[in-house]
Structure formats: structure tokens, C-alpha cells
Amino acid sequence: MTIAVLGATGRTGRPLVEELLRRGHAVTALVRDPARLGPLGERVTVVTGSSTDAGALDNLLDGAEAVVSALGPTSRDSTLQSDTARALVPAMGRHGVARFVGVSGTGVDVPGDRKSRRHQAISWMVRRLGGAMATDKSTEYEVFAASDLDWTLVRPPRLLDGPATGRVLHDARTPGRSSSIRRADLAVFLADVLDEHLYPRQAPFVSQA
């Protein structure tokens with residue numbers, strides 16, 4: 001499968017690209033600075049540009065069969081994820097690409113959630129302390145939920161570095177007990193969601209087991 005990847009140079013994006021390549025997928029990566037891909041740049045098709053630019057997205061999606069995004073919030077661009085979603089949804093429509101898998105956050109509330117009081121308190125704190133970046137994730141969810149795409153937005157807790165453990169818990173409505181997950185494990189889970197077509201039009205929680 002040819003996969004278009006956003007956020008390929010980030011701390012989750014790099015292991016995600018490596019996992020997709022390990023599974024035999026062809027990867028096209030949209031990046032602002034190709035040099036940040038390092039040796040990975042020799043193994044993927046590189047498109048230079050911004051995830052909010054329609055022209056760059058058209059180049060990225062040419063020939064793609066699915067999109068996986070590891071974009072995360074940034075203090076330099078507090079509306080990056082919702083702006084990307086607003087540009088990406090019509091671009092995917094133009095190219096006939098239906099499947100999207102992306103990273104949201106455990107602080108986002110979705111209809112049907114079964115959060116414990118502890119997790120409700122955590123979500124409240126995330127929204128209160130996260131400010132515009134937390135709002136951005138909620139707006140991103142609303143954009144995808146209103147679309148006709150076959151989307152999945154994965155909601156992890158705090159992200160940590162380190163090698164993959166292979167131990168994760170995931171559920172459509174109930175967060176796990178752990179308050180963290182390794183980025184490498186999240187990358188593997190994102191690839192699983194894509195390959196196994198898990199959680200269509202849902203926002204599952206995932207955490208370390």
C-alpha cells in the first residue's frame with residue numbers, strides 16, 4: 001500500500017515511517033525540511049511543503065491509498081492540527097483517498113466516552129493547561145467527524161521515548177490505567193489501526209499495558 005505520512009520527522013513520526021516500511025508499505029512523506037529525515041529520506045518519496053497548503057497536499061496524495069498523521073501540537077502554531085484537517089479533508093476527496101489515521105489526545109472528549117472521575121479530571125486539566133493547543137485537538141476531531149472520510153483519531157496519554165515494549169491497551173470508549181505510552185509503541189499501534197482497519201470513524205484510547 002502507498003501511504004502518505006504527515007509529521008514524518010517528529011519523535012512519533014520517525015518510528016511510524018520505519019514501521020510502515022518494515023511492513024512493506026511504500027511511504028510518501030510531506031516535510032518542511034527534507035534534511036531532517038536523515039537516512040530515512042533515501043527510503044521514502046519526499047514532498048516538501050506545509051500540511052496546510054493545498055498544493056503540497058495534492059502532491060502528497062497523488063497515488064496514495066491512505067494517510068497517516070503523526071502531527072502533534074506546537075506552541076509555534078497552536079492551530080496546526082485543525083488547519084491541517086480543514087485542508088486535508090477536501091484534498092483527500094479530490095484524490096479519492098478515504099482512509100485517515102491520526103493522533104489526537106486523551107484530553108479530547110468524544111460522545112460515548114466512559115471516562116472515570118480520574119480521567120475526567122485529567123481531561124479537564126489538559127484542556128485548562130493546554131490552552132489553544134488543547135482546543136486545536138478538539139476542533140480537529142470535529143472537522144473529521146463532520147467529514148465523509150473513513151477516519152480514526154487515536155487518543156494517547158503522555159508520550160515517552162524509548163524502545164517499543166509491545167504492550168499496549170486500547171479501547172474505543174474507556175482510557176487505560178496507565179498515564180503514558182512510548183512513542184515507539186504508539187507508532188506500531190497506528191500501523192496496526194491502518195493495516196487491520198481498526199476503529200473506523202472512532203477515536204480510541206491507547207496506553208501502555
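Points worth noting:
- Estimated inter-spin distance, Thr79 and Arg114, nm [label 7 Å along Cα→Cβ]: 3.8
- Among beta bridges identified by DSSP and lying wholly in the stretch 1-126, the antiparallel ones come to about 5 percent.
- The trypsin sites (Lys or Arg not before Pro) found in the stretch 68-166 that occupy coil by DSSP, while having at most 11 further C-beta atoms within 10 Å, are Arg76, Arg114.
- Simple spin-label estimate for Arg173 and Asp148 in nanometres, 7 Å along Cα-Cβ: 2.9
- The stretch 15-54 and the stretch 150-195 have Cα centres separated by 21 Å.
- Going from the residue with the fewest nearby Cβ atoms within 10 Å to the one with the most, Ile3, Ile181 rank Ile3, Ile181.
- Helices in the chain, meaning DSSP H runs of at least 4 residues, each add -39500 (n - 2.57). Divided by all residues, the mean residue ellipticity at 222 nm is -12000 deg cm²/dmol.
- Computed extension length for Arg22-Arg201: 61.8 nm, one decimal, from 0.36 nm per residue of separation with the Cα-Cα distance subtracted.
- Sequence ranges 195-202, 171-178, ranked by mean other-Cβ count within 10 angstrom, highest first: 171-178, 195-202
Values in this text are rule-based calculations from the coordinates and carry no lab data. Everything numeric in this text was worked out from a predicted model, so none of it was measured. Using ideal geometry, Cβ is built from the backbone for each residue, glycine included, and neighbour counts are taken over all protein chains shown.
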